[in-house]
Amino acid sequence: MGNSRALTLEQFISDQQAIHKEATGAFSRIFRSLELGAKMVNRDVRKAGLIDILGNQGSTNVQGEEQKKLDVIADEIFIHNLSKSGEVCMVVSEEKDAPVFVEGSENAAYIICIDPLDGSSNIDVNASIGTIFSVFKRDNTNSAPTLNDCFRKGTEQVAAGYFIYGSSTMLVYTTGDGVNGFTLDDGIQEFCLSHPEIKIPEDGKIFSINEGNYADFPTGVKTFVEYCKTKDKESGRPYGARYIGSLIADFHRNLLKGGIFIYPPTEKTPNGKLRLLYECNPMSFIVEQAGGRSSTGKMRVLEVQPTELHQRVPLFIGSKNMVEKAMDLMGNLGEKTSL
Ligand code: AHM
Ligand code: MG
């Protein structure tokens, strides 16, 4: 039997607007578009093994029709829905080389940076994947937006969140007033408040890093990994190693249980792999709002000044004490990264 007292996302946002009088319906419309997009992507992800969307883009199915990768489908879905909201003037997507300027909404106030389907290499093996988004607001809406409008520091985000398509489908987001989690009730197709006021434990016992790249890690990162694996009764070490290879899934677990996720600089990728605008910034806003920390190894991620659309930064994110410990041991990180 369903819960007759569930609070839906729409009801939650409207309650928040009653409390914060300055909020406008614009926010609801943006969230409605994101929510709708996520439900469509969720529908396709759930059917991924049944219909021809697992293939690579450019390949054709037996009928000779072109197959699209699910991350391309997700990109089309979100850009379409956000464009229809009337509130979004520009979308920066991981899937697009250049920003999408929304025709007819040149004077709209909001800019969305999005990774439509993060961790997409996990689709074929049925592991959790997700959508990450970051929301900025323009002060001056008298003119059409330009590329420079999205080069804003993470501290200026007005909202950020992610959808996770896992054993259940969830939305976790912040507008700078704490973090709340909503689970999709399949029966009524509504996101319902399930994880109010999420706080990440200050200490954790999980470390998440692709240790296969160990030989290429900077000395400070190696030292931290060794620290995690060293026996110490008092601090509960060794910590557990958990790495799915899907940022949202690794982050979500650590957010709820406590832990640290690291994508460090390596020989091959001197600024790490993850992108600032639509991966690191939104996750950093969420973790800080939940009481955690996020750093490039040298500075707070949210204070990095973006200079490129698809810029990468190293990422050390999670429980406050674990990230701080990693930073303490990072003396040598500077040798490998400019950040
Ligand atoms: P993607 O945006 O192309 O999916 O790549 C990002 C993903 C993250 O979800 C994940 O944390 C990371 O790549 C894993 O990288 P690696 O396989 O190098 O460990
Ligand atoms: Mg990604």
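Considering every residue within segment 119-134, establish whether at least one is more than 13 Å from ligand 1 (Cβ to nearest atom) and assigned to a loop (DSSP other than H, G, I, E, B). There is at least one residue in segment 119-134 that is more than 13 Å from ligand 1 (Cβ to nearest atom) and assigned to a loop (DSSP other than H, G, I, E, B). Within segment 199-228, being touching a residue at least 12 places away in the same chain (Cβ under 8 Å) and assigned to a helix (DSSP H, G or I) holds for GLU211, ASN213, ASP216, THR219, GLY220, VAL221, THR223, PHE224, VAL225, TYR227, CYS228.
With respect to the conditions (1) within 24 Å of the chain's Cα centre (by Cα); (2) modelled with pLDDT of 75 or more, LEU54 lacks only one, and its number is (2). The lone criterion from (1) among the small types (Gly, Ala, Ser); (2) touching a Gly at 6+ places or on another chain (Cβ under 8 Å); (3) part of a loop (DSSP other than H, G, I, E, B) left unmet by GLY291 is number (2). Against the conditions (1) free of Cβ contacts under 8 Å to residues at least 24 places away in the same chain; (2) within 16 Å of ligand 1 (Cβ to nearest atom); (3) within 17 Å of ILE13 (Cβ to Cβ), GLY181 satisfies every one except (2). Of all the listed residues (SER246, SER284), the sole one being crowded, with 24+ Cβ neighbours inside 10 Å and within 16 Å of ligand 2 (Cβ to nearest atom) is SER284. Residue count for segment 112-134 satisfying the condition of being surrounded by fewer than 24 Cβ atoms within 10 Å (Cβ to Cβ) and either touching a residue at least 12 places away in the same chain (Cβ under 8 Å) or closer than 16 Å to ARG29 by Cα (or both): 9.
The single condition among (1) of a type in the set (A, V, I, L, M, F, W, C); (2) out of contact with any Pro (no Cβ under 6 Å at 6 or more places or on another chain); (3) modelled with pLDDT of 95 or more that LEU329 does not satisfy is (3). Would you check if there is a residue in segment 81-103 being assigned to a helix (DSSP H, G or I), more than 13 Å from ligand 2 (Cβ to nearest atom), in the same structural domain as THR169 (by TED's automatic domain parsing) and without any contact (Cβ under 8 Å) to a residue 24 or more places away in the chain? Within segment 81-103 (the criterion being assigned to a helix (DSSP H, G or I), more than 13 Å from ligand 2 (Cβ to nearest atom), in the same structural domain as THR169 (by TED's automatic domain parsing) and without any contact (Cβ under 8 Å) to a residue 24 or more places away in the chain), the answer is yes, since at least one residue qualifies.
The values are calculated or read from the model by the stated rules, or taken from the named source; none is laboratory data. Keep in mind that what you see is a predicted model, and the values were worked out from it rather than measured. All Cβ positions, even for glycine, are placed from backbone atoms using ideal geometry, and neighbour counts span all protein chains on display.
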